[in-house]
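Novice: Pasting a structure below so you can have a look.
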Amino acid sequence: MAAPIAIHLEFGGGAELLFGSVKEHHVTLPNQSAPWDMKQLLVWIRGNMLKERPELFVQGDTVRPGILVLINDADWELMGELEYELQDKDNVVFISTLHGG
Amino acid sequence: MAAPIAIHLEFGGGAELLFGSVKEHHVTLPNQSAPWDMKQLLVWIRGNMLKERPELFVQGDTVRPGILVLINDADWELMGELEYELQDKDNVVFISTLHGG
Amino acid sequence: PLKLKAALSNEDIMRYSRQLILPEFGVQGQLNLSQTSVLVVGCGGLGCPLAQYLAAAGIGRVGLLDYDEVELSNLHRQVLHGEDSQGQAKAQSAAHAVRRLNSTVECIPYHLQLSPENALQLIQQYDIVADCSDNVPTRYLVNDACVLSGKPLVSASALKMEGQLTVYNYRGGPCYRCLYPKPPPPEMVTNCSDGGILGVVPGIMGCFQALEVLKIASGQGSSCGQQLLMFDAQDAKFRSIRLRSKQASCAVCGENPTVTHLVDYEKFCGSAATDKCRRLNL
Amino acid sequence: PLKLKAALSNEDIMRYSRQLILPEFGVQGQLNLSQTSVLVVGCGGLGCPLAQYLAAAGIGRVGLLDYDEVELSNLHRQVLHGEDSQGQAKAQSAAHAVRRLNSTVECIPYHLQLSPENALQLIQQYDIVADCSDNVPTRYLVNDACVLSGKPLVSASALKMEGQLTVYNYRGGPCYRCLYPKPPPPEMVTNCSDGGILGVVPGIMGCFQALEVLKIASGQGSSCGQQLLMFDAQDAKFRSIRLRSKQASCAVCGENPTVTHLVDYEKFCGSAATDKCRRLNL
Ligand SMILES: [Zn+2]
Ligand SMILES: [Zn+2]
C-alpha cells in the first residue's frame with residue numbers, strides 16, 4: 001500500500017484555461033496499492049479536474065502535442081515521462097508552448 | 001560541540017571583487033563549542049577569505065553600508081541579522097547595491 | 001491633474017486592442033492608465049526603454065527628467081536617442097522619440113538636475129516615480145521626496161552584467177532608507193563609466209520597471225513591493241528576495257523621522273549627483 | 001561574409017567604451033560582434049527591441065524580415081515603428097529606426113514572407129537566427145532551416161502576460177522538433193490578436209533574446225541552450241527549466257532524419273503562416 005501523496009500542480013501558457021483559469025492547484029492523490037506514476041496522474045487529472053473537452057489536454061495516454069511537462073523544474077523526458085513515480089511534494093507543471101511575438 | 005557545517009556563500013553586485021572575482025564559494029566552517037552565528041561567520045570570512053582591504057567588506061562587527069545580506073533568499077533582517085544561527089547547507093549572499101542606470 | 005477620461009475613443013480601442021482583451025487589464029485598466037502620470041528620473045539606459053513602453057501602452061502623462069546631453073558613448077544603451085541627437089538635451093531627445101511613438105501621451109521634458117530645491121514640487125505633480133538615475137545622492141533624494149509626498153517609487157539599477165529592481169514606499173512596505181540607512185563609502189561605488197555596462201542589461205531592467213509601473217497604474221498592483229529582484233545576465237538568472245518590512249527606526253519613513261524635509265544629499269553621500277566625476281572634493 | 005575587422009576605430013572605441021571595459025566582453029568581444037550577422041525573423045513585438053539592442057551594441061549585420069505593414073494596433077508593443085510609419089513595410093520601418101541609432105551596422109530589410117522556397121538561401125547568409133515570429137508553421141520552418149544550415153536559433157515567444165525563451169540547435173543541444181515533434185492542434189493555438197498581449201512582455205523577452213544573441217556573437221556563449229526560460233509577468237517570476245537532450249529520434253536533427261529538405265509547413269501544422277487568420281481551410 002502506498003500512502004496518499006500531496007503534489008503541487010501548475011498550469012501555464014494557456015493550459016490553465018482548461019482548469020477554471022487557476023494556475024496553481026494543491027492536490028492529494030489517494031492511497032493505492034502501487035506507487036503513483038505520471039500515467040496514472042494524467043488519468044486522475046482527466047477524471048477529477050478536467051471539466052470539459054479533455055481531448056485538449058490528453059490524447060491517448062499522454063498529453064496532447066504542444067504541452068510540455070516539467071517535473072521539479074526539469075523536462076519530464078529526463079525523468080522517465082509516463083513511468084516516473086511521483087513522490088510526496090513533487091511539483092508538476094503543464095505548460096502550453098507560446099507562439100506569439 | 002557543534003559539528004562542522006557546510007555553507008554556500010555568494011558575492012554579487014561587485015562584492016565579488018574582494019574575493020578574487022569568484023562569485024560562488026562552498027566553505028566548511030570547523031567544529032566549535034557553540035553553534036555558528038552570522039557574527040562569527042563575518043569574523044571567519046575576514047580572517048580566512050578576505051585577502052586585502054577588509055574594511056571594504058566589514059566595518060565594526062557588521063557588513064559595511066551598501067551591502068545587503070541574504071540568508072536563504074530572504075533579507076537577513078528577517079532572520080535575526082548577526083544573531084542568526086547558521087544551519088548546514090545554508091545559502092548566504094552578500095550583494096552590493098547597484099546605482100548605475 | 002489629468003482630466004478623467006470617461007470612455008475610450010475609437011482610435012484608442014484600435015490602438016490598444018491587444019491590451020484591452022487581456023482579462024488582467026481590460027478597458028478599466030486602460031482608462032486607469034490614461035489617468036496616471038509618471039515621472040522618469042533619468043533618460044539613460046533605464047529611462048529610455050521605460051519611457052518607450054510606458055508611452056506605447058498609453059500612460060496619461062510622462063515627465064522625462066535629465067540634466068545631461070546625448071553623447072556617442074550613450075548610444076549603445078540609450079536607445080531612444082539617435083546619432084542625430086548627439087549634443088541635444090536627453091530630455092528633449094527622449095520626448096521627441098516618445099511623441100513619434102504615441103502623440104496622445106502628454107510628454108513633458110525637464111532639462112535639469114533633480115535637486116533638494118525642485119524635487120518636491122516636481123514629484124507632487126506625478127502619481128508614480130521611476131528612479132532611473134545613475135548615482136547615490138540622487139537615489140536618496142528621490143526616495144526621500146517620494147516618502148515626503150507619499151508616492152510609490154519603482155527603482156531599478158544596472159551595472160556591468162547585473163541588475164536590481166525594487167518598488168519602495170508602496171502599500172506599507174519599506175523605503176530605500178529602510179534598507180540602506182547609511183550611504184556606501186564613496187570609494188566603493190562604481191558607476192557605468194568606470195565599471196562598464198552591457199547595454200541590453202539596463203534594457204531588460206528598464207522594461208521590468210515599465211511592467212511594474214503599468215501594473216500599478218492599471219490597478220493590478222505590483223508584485224515587487226518588499227521584494228528585491230536580482231538579475232545576473234551572465235547566467236541569465238533571476239532571483240526574488242523577500243525584503244524587510246518598513247523600519248520603525250527609519251530616518252524618513254519611521255516612527256520618529258529625523259528627515260522631515262529634503263537635505264544636502266551630496267554632502268550626506270560624500271559624492272556628486274552625477275556619474276561623470278565620482279567623488280566630491282569636500 | 002562580413003569583412004574581418006582587425007581593430008576598432010577611434011569612433012568605435014568612443015561609442016562602445018562602456019562595453020569594452022567589461023572583462024566578459026572586451027575588445028575581442030566587440031570585434032567578434034562586428035563580424036557577426038543575425039537574421040531577425042519578424043519585426044514585431046519581439047523583433048523591435050531585439051533589433052534595437054543588437055544594433056546599439058554594434059552587431060556587424062542585421063537582416064530584418066517581415067511580410068507585414070505597420071498598423072495602429074501594433075504600436076503598443078512594436079516600438080521601433082512610429083505613428084508616421086503606419087502603412088509602411090515593417091522591415092523598412094525597422095531598418096530606418098536601426099540606422100538612425102547606429103549607421104555603422106549593415107542593415108538589410110526583407111519585406112517578404114519566409115517560405116520553404118527562400119528560407120535556406122536567406123539563413124545561409126547569417127551566423128545566428130532569432131525567431132521573433134508569431135505563428136506555428138513559421139516556427140517549424142525556421143527550426144528546420146536552422147538545423148539544415150547548422151545555425152544556432154535564439155527563439156522567444158510571448159502571449160498575454162507570459163513569455164518563453166530557448167536557444168535551439170546550439171552546441172549539441174536539442175532543436176525545436178526534439179521538444180515538439182508534433183504540432184499542436186490548430187484550435188489550441190492562440191495568437192496575439194485573439195489572446196491579447198501586454199506590450200512590455202515581448203519587450204522583456206526581445207531584450208532577453210538580444211542578450212543571448214550578444215553572448216553567442218561576442219564569444220561568451222549562451223547559458224540558455226537546453227534550457228527553457230519561462231516568464232510570468234503577473235507575478236514578475238522567472239523560472240529556468242532543464243530540457244531534454246537532442247533526440248536520436250528527431251525527424252530533422254536525429255540519427256535518421258526524415259526531414260532532409262524544407263516541407264509544406266502550413267499543411268504540416270494545419271494553420272496559416274500569419275497570425276492574421278488562424279486556420280487554413282484545407
Ligand atoms: Zn524607510
Ligand atoms: Zn531535433
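Derivation of every value follows stated rules applied to the coordinates shown; laboratory data play no part. Please read all numbers here as calculations on a predicted model, not as lab measurements. Here the Cβ positions follow ideal geometry from the backbone for every residue, glycine too, while neighbour counts run over all protein chains shown.
Novice: Find, among the GluC sites (Glu not before Pro) in region C:191-282, those assigned to loop by DSSP (not H, G, I, E, B) with at most 10 other beta-carbon atoms within 10 angstrom. Mind showing how you got there, number by number?
Specialist: Values: sites: C:212, C:255, C:266; in loops: C:255.
Of the GluC sites (Glu not before Pro), the ones in loops of region C:191-282 whose Cβ has at most 10 other Cβ atoms within 10 Å are C:255.
Novice: By Kyte-Doolittle mean hydropathy of at least 0.0 and Cα axial length of at least 18 Å, which whole DSSP H helices of chain C are selected? Could the numbers behind the result be given before it?
Specialist: Numbers: long enough: C:136-149 (20 Å, 0.61); C:200-218 (26 Å, 1.36).
Those that clear 18 Å and a mean of 0.0 are C:136-149, C:200-218.
Novice: Mind listing the phi-derived Karplus ³J(HN,Hα) values for region B:32-38, rounded to whole Hz, using 6.51, -1.76 and 1.60 with θ = phi - 60°, and x for any glycine or proline?
Specialist: 8, 5, 10, x, 6, 10, 5
Novice: Moving on to the next point. Going by amide H atoms built from the backbone, whose H comes under 5 Å of the H on residue A:59, apart from near neighbours?
Specialist: Excluding prolines and chain starts, which carry no amide H, the hits are A:64.
Novice: Looking at chain C, send over the antiparallel percent of its DSSP beta bridges, to the nearest 5.
Specialist: Numbers: 19 of 38 bridges.
In chain C, approximately 50 percent of DSSP beta bridges are antiparallel ones.
Novice: What is the distance in Å between the Cα centres of region D:1-41 and region C:137-183?
Specialist: 35
Novice: If one computes P(r) from the Cα atoms of region B:1-65, what percent of pairs lie at distances over 19 Å?
Specialist: Details: 650 of 2080 pairs.
Roughly 31 percent, once rounded to a whole number.
Novice: Calculate the dipole size of the protein assembly as shown relative to its Cα centre from +1 charges on Lys and Arg beta carbons and -1 charges on Asp and Glu beta carbons; express the result in debye to the nearest 20. Let's see the in-between values first.
Specialist: On the way: 64 positive and 80 negative charges, 143 e Å.
Value, rounded to 20: 680 debye.
Novice: Can you pull the Rg over Rh of chain D, Cα-only, Kirkwood? Each step should come with its number before you reach the end.
Specialist: Details: Rg = 18.1 Å, Rh = 19.1 Å.
The Rg/Rh ratio comes out at 0.95.
Novice: Which cross-chain or sequence-distant (5 or more) residues have an amide H under 5 Å from the amide H of residue C:62, H modelled 1.01 Å from N in plane?
Specialist: Long-range HN contacts for residue C:62: C:38, C:106, C:107, C:108.
Novice: Quick one: Debye curve from the alpha-carbon atoms of the protein assembly as shown only, equal weights, vacuum; give me log10 I(q)/I(0) at q = 0.10, 0.11 Å⁻¹ to two decimals.
Specialist: -1.05, -1.26
Novice: Kirkwood hydrodynamic radius (Cα pairs, Å) of region C:179-239?
Specialist: Details: mean 1/r = 0.0711 Å⁻¹.
Hydrodynamic radius (Kirkwood, Cα pairs) of region C:179-239 is 14.1 Å.
Novice: Between their Cα atoms, which of C:237/D:215; A:39/D:182; C:151/D:160; B:39/C:237; B:51/D:215 are more than 22 Å away from each other?
Specialist: Working: C:237/D:215 14 Å; A:39/D:182 20 Å; C:151/D:160 28 Å; B:39/C:237 29 Å; B:51/D:215 31 Å.
Listed pairs above 22 Å: C:151/D:160; B:39/C:237; B:51/D:215.
Novice: Looking at the P(r) of region D:92-172, how many percent of alpha-carbon pairs lie beyond 19 Å? Could you put the intermediate results ahead of the total?
Specialist: On the way: 1495 of 3240 pairs.
For region D:92-172, the share of Cα pairs beyond 19 Å comes to 46 percent.
Novice: A further question on this structure: What is region C:157-282 by shape, rounded, prolate or oblate, if you read a ≥ b ≥ c off the alpha carbon gyration tensor as root eigenvalues and call it rounded for a/c under 1.5, prolate for a/b larger than b/c, and oblate otherwise? Walk me through the numbers on the way to the answer.
Specialist: Details: a/c = 1.97, a/b = 1.03, b/c = 1.91.
Note, shape of region C:157-282 comes out oblate.
Novice: Something else now. What's log10 of I(q)/I(0) for region C:16-160 at q = 0.18, 0.20 Å⁻¹, Debye sum over Cα points only, no solvent?
Specialist: -1.02, -1.21
Novice: Tell me, for the rotation carrying C onto D, which chain C residue has the beta-carbon closest to the axis and what that distance is in whole Å.
Specialist: Closest Cβ on chain C to the axis mapping it onto D, in Å: C:238, 2.
Novice: Could you please report the charge total around residue D:22, scoring K, R as +1 and D, E as -1 over all other residues with beta-carbon less than 13 angstrom from its beta-carbon?
Specialist: Around residue D:22, the charge tally is +1.
Novice: Okay, moving on. So for each of A:35-44, D:28-37 I average, over its residues, the number of other beta carbons within 10 Å; can you give me the resulting order with the highest mean first?
Specialist: Details: A:35-44: 17.0, D:28-37: 20.2.
By packing density, highest mean first, the sequence is D:28-37, A:35-44.
Novice: If amide H atoms are built 1.01 Å from N in the plane of the peptide, which residues on other chains or at least 5 residues away come under 5 Å of the amide H of residue A:32?
Specialist: A:2
Novice: Please enumerate, by chain and number, the lysines with C-alpha under 19 Å from the C-alpha of residue C:90, excluding those fewer than 8 residues away in the same chain.
Specialist: Within the straight-line limit of under 19 Å, residue C:90 reaches these lysines: C:276.
Novice: Return the average number of partner chain Cβ atoms within 10 angstrom of each residue Cβ along peptide C:177-188.
Specialist: Numbers: counts 0, 1, 4, 5, 1, 4, 4, 8, 6, 0, 2, 14.
Averaged over the peptide's residues, the number is 4.
Novice: Ok, one more. Let me know the mean shielding of D:35-45 by other chains, meaning the per-residue number of their Cβ atoms within 10 Å of its Cβ.
Specialist: Working: counts 0, 0, 0, 0, 0, 0, 1, 1, 1, 2, 3.
Partner Cβ neighbours, averaged per residue: 1.
Novice: Suppose you put the label 7 Å out from Cα in the Cβ direction; list, shortest first and in nm with one decimal, how far residue C:245 is from each other copy's label.
Specialist: Taking the point 7 Å beyond Cα along Cα→Cβ, the inter-copy spacings are 5.2 nm.
Novice: Another question, if that's okay. Relative contact order of chain D, please, whole-number percent, based on alpha carbon pairs below 8 angstrom and at least 6 residues apart. Could the numbers behind the result be given before it?
Specialist: Details: 593 pairs, mean separation 52.8, N = 282.
Relative contact order comes out at 19 percent.
Novice: Right, another one. Expressed as a whole number of Å, what is the distance separating the alpha-carbon centroids of region D:88-128 and region C:46-93?
Specialist: What the calculation gives is 25 Å, centre to centre.
Novice: Another question about this same structure. Could you let me know the centre-to-centre spacing of region C:186-237 and region B:22-84, using Cα atoms, in angstrom?
Specialist: Value for the Cα centre distance between the two parts: 26 Å.
Novice: OK, next. Going by C-beta contacts inside 10 Å, put D:146, D:132 in order with the fewest on the left.
Specialist: On the way: D:146 29, D:132 32.
By the 10 Å Cβ count, ascending: D:146, D:132.
Novice: Compute the label-point distances linking residue C:103 to its equivalents in the other copies; points lie 7 Å from Cα along Cα→Cβ; give nm, one decimal, shortest first.
Specialist: 2.7
Novice: Same structure, new question: Can you work out ³J(HN,Hα) from phi for every residue in region D:261-269, in order, using Karplus 6.51 cos²θ - 1.76 cosθ + 1.60 and θ = phi - 60°, giving whole Hz and x for Gly and Pro?
Specialist: Coupling constants for region D:261-269: 8, 5, 10, 8, 7, 5, 5, 4, 8 Hz.
Novice: Calculate one ³J(HN,Hα) per residue across region A:46-53 by plugging θ = phi - 60° into the Karplus curve 6.51 cos²θ - 1.76 cosθ + 1.60, and present them in order as whole Hz with x for glycine and proline.
Specialist: Along region A:46-53, the couplings run 4, x, 10, 10, 7, 7, 8, 6 Hz.
Novice: Can you tell me the order of D:110-122, D:213-225 when each peptide is scored by its average per-residue count of other Cβ atoms within 10 angstrom, highest first? List each step's numbers first, then the result.
Specialist: Details: D:110-122: 16.8, D:213-225: 22.3.
Per-residue mean Cβ counts within 10 Å order the peptides as D:213-225, D:110-122.
Novice: A further question follows. List the GluC sites (Glu not before Pro) within region D:9-93 that DSSP assigns to loop and that have no more than 16 neighbouring Cβ atoms inside 10 Å.
Specialist: Values: sites: D:11, D:24, D:69, D:71, D:83; in loops: D:24, D:71.
Listed in order of number, the matching sites are D:24, D:71.
Novice: Put a point 7 Å out from Cα along the line to Cβ at residue C:172; what are the distances to that point in the other copies, in nm, shortest first?
Specialist: Ordered by distance, the counterparts are at 5.4 nm.
Novice: Which chain A residue comes nearest the axis with its C-beta when you rotate A onto B, and by how many angstrom?
Specialist: For chain A, the closest residue to the axis carrying it onto B is A:73, 8.
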